[in-house]
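As C-alpha cells, the structure follows; a few thoughts come after it.
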Amino acid sequence: AHQWRGIIEEYRDRLPVSEATPVVTLGEGGTPLVHAEVLSELTGCEVHLKVEGANPTGSFKDRGMTMAISKAKEEGAKAVICASTGNTSASAAAYGGKAGMVSAVLVPQGKIALGKMGQALVHGAKILQVDGNFDDCLVLARNLSENYPVALVNSVNPVRIEGQKTAAFEIVDRLGDAPDIHVLPVGNAGNITAYWKGYKEYAADGIATHTPVMWGFQASGANPIVRGEVVKDPSTIATAIRIGNPASWSYAEAARDESGGLISDVTDRQILRAYKLLASREGVFVEPASAASVAGLLAAAEDGKLAKGQRVVCTVTGNGLKDPDWAVAGAPQPVTVPIDAAAAAERLGLA
Ligand code: F0G
C-alpha cells in the first residue's frame, strides 16, 4: 500500500524545492476528507470536512512549517522565530527541534491554549510571553528577524503559503475536481491565501475544471476584514484567530473578490454551537477557531444564502485536544458509581 511521504515529496514538482533542499518532515498532509452527513442534511448540500487536526502537531500549520524549516535549513539558519496564537509555535517547535535549530516563539500573554503551550515547551522552544496581543507579537518577531540572526517562519514567509496550498491539491485529487464552495476560518489570513493559490494553480493546469468560491469567517470580536479597519483589542474565545491586523489582509480580499466569495463573521455563541455539533454528530473534535468555518456555513444556510445541491468543503484547522476547556465547561460532570453493574446500568438508563 502507498505510504504518504509528507507534502514535499508528494507535491515536489509544485513546490520551490530542489535536490539540495534538506527535507525536514514529520509526514504532514494526506489528511482525511470526511463526508459530513449531518451538515449535508442541515444545508441541503454535499459537505465535506478537511480534517487538518490530523496533522503531526495537530494543525494545518505543519504543511507550511515543513517548507519553512526545510528552506531555513537549506539557507544555513541556526535559529527561527515566529509570533503565534499557539499552533504556529507548536509546529515551529516540533520541526525546528527535528532540524536541530533553536525555535524562538512569541505568544500573547495568557491567551494561548494550554495544549499548545505544552507542545512548544516539550518540543524545546524558547518561549516568550509578550505583554500584548498577537499583532504586537508579529511586529516584534519581524523586528527581531530584520535585526538579529534569526529566520522568520510566520506566514509572511512565502514558502509557508507554498506548503499550505497543498491542502487544496489534496481536495481536488480526492474529489476529482474543485468543490463549488470552500469555507475556512480566517485569522492572520495566510491559509485562505494559500488555498486560493493552490486552487488557481490546479485550474490553470487543467487538473480542476474551475476554482471554488472562497468563504472566510472571522470571529465577530476579531473581524478587521469584515469591518475594513484594524481591530485594536480583538476578543474571542477562539484564541487561534484572536487577531486584529492580519498580515495577509490584502491577499484574503483578493481571494474573496477573484473567487466571487465573501469574508463574514460569526459570534462566539455560533462558534461553540458548531463546535459541539461537529464533535457530537460528526465525530470530529476540533478546536473552537476551527468551528468558525462550519458556523459560517450553517449561518449562510439558515439565512438562505446557500443554494442547495452544491459541493462544499470546510477546512477544520486544528485538533480539539489542544484546547479542551470548552468541551469540559459546556458538559455536565460525569457521575461516580460503585463497582456494581446494577448501579452502573441504572445510571446509564439501561435498567
Ligand atoms: N485555525 C487555527 C486552529 C489557527 O491556529 C489559525 C491561525 C487559523 C485558523 C487562522 O488561519 O491565520 O492562516 O488565517 N493560527 C496562527 C497561529 C495565527 O499563530 O497559530 P490564518
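The values are calculated or read from the model by the stated rules, or taken from the named source; none is laboratory data. Quick caveat, the model's predicted, so the values are computed rather than measured. A quick note on method: Cβ atoms are made from the backbone with ideal geometry, for glycine too, and the neighbour counts reach across all protein chains shown.
Side notes on the structure shown:
- Some residue of the range 281-302 being closer than 26 Å to LEU175 by Cα and of a type in the set (Phe, Trp, Tyr): yes
- Of everything listed in (1) assigned to a helix (DSSP H, G or I); (2) within 15 Å of the ligand (Cβ to nearest atom), the single unmet condition for GLU346 is (2).
- Any chance TYR199 is hydroxyl-bearing (Ser, Thr, Tyr) and outside the structural domain of ARG269 (by TED's automatic domain parsing): no
- Taking (1) surrounded by fewer than 24 Cβ atoms within 10 Å (Cβ to Cβ); (2) more than 16 Å from the ligand (Cβ to nearest atom) in turn, LEU39 satisfies each apart from (1).
- The range 110-145 - residue that is outside any loop (DSSP other than H, G, I, E, B), more than 11 Å from the ligand (Cβ to nearest atom) and charged (D, E, K, R) and, of those, nearest to ALA222 (Cα to Cα): ASP136
- Test result for TYR95, more than 16 Å from the ligand (Cβ to nearest atom) and of a type in the set (Phe, Trp, Tyr): no
- So ILE237, is it free of Cβ contacts under 8 Å to residues at least 40 places away in the same chain and either surrounded by 23 or more Cβ atoms within 10 Å (Cβ to Cβ) or among the β-branched types (Val, Ile, Thr) (or both): no
- Subset tally (residues that are buried (at least 24 other Cβ atoms within 10 Å of the Cβ) and in contact (Cβ under 8 Å) with a residue 60 or more places away in the chain) for the range 62-83: 13
- Unique match (being in contact (Cβ under 8 Å) with a residue 60 or more places away in the chain, more than 18 Å from GLN164 (Cα to Cα), touching a helix residue (DSSP H, G or I) at 6+ places or on another chain (Cβ under 8 Å) and within 12 Å of the ligand (Cβ to nearest atom)) among ILE243, ILE192, ILE225: ILE243
Let's see how each residue does on (1) crowded, with 19+ Cβ neighbours inside 10 Å; (2) basic (Lys, Arg):
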{"residue": "GLY260", "(1), (2)": "no, no"}
{"residue": "GLU287", "(1), (2)": "yes, no"}
{"residue": "GLY304", "(1), (2)": "no, no"}
{"residue": "LYS308", "(1), (2)": "no, yes"}
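Okay, residues lined up against (1) closer than 14 Å to TRP215 by Cβ; (2) in a strand (DSSP E or B); (3) in the same structural domain as ALA90 (by TED's automatic domain parsing); (4) touching a residue at least 60 places away in the same chain (Cβ under 8 Å):
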site	(1), (2), (3), (4)
ARG269	no, no, no, no
ALA279	no, no, no, no
ALA289	no, no, no, yes
SER293	yes, no, no, yes
GLY296	yes, no, no, yes
ALA299	yes, no, no, no
GLY304	no, no, no, no
LYS308	no, no, no, yes
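- Residue match in the range 165-184 (condition: near the ligand (Cβ under 10 Å from one of its atoms), free of Cβ contacts under 8 Å to residues at least 60 places away in the same chain and within 16 Å of ALA291 (Cα to Cα)): no
- Residues (surrounded by fewer than 17 Cβ atoms within 10 Å (Cβ to Cβ) and either within 14 Å of the ligand (Cβ to nearest atom) or under 16 Å from GLU74 (Cα atoms) (or both)) located in the range 146-157: PRO149
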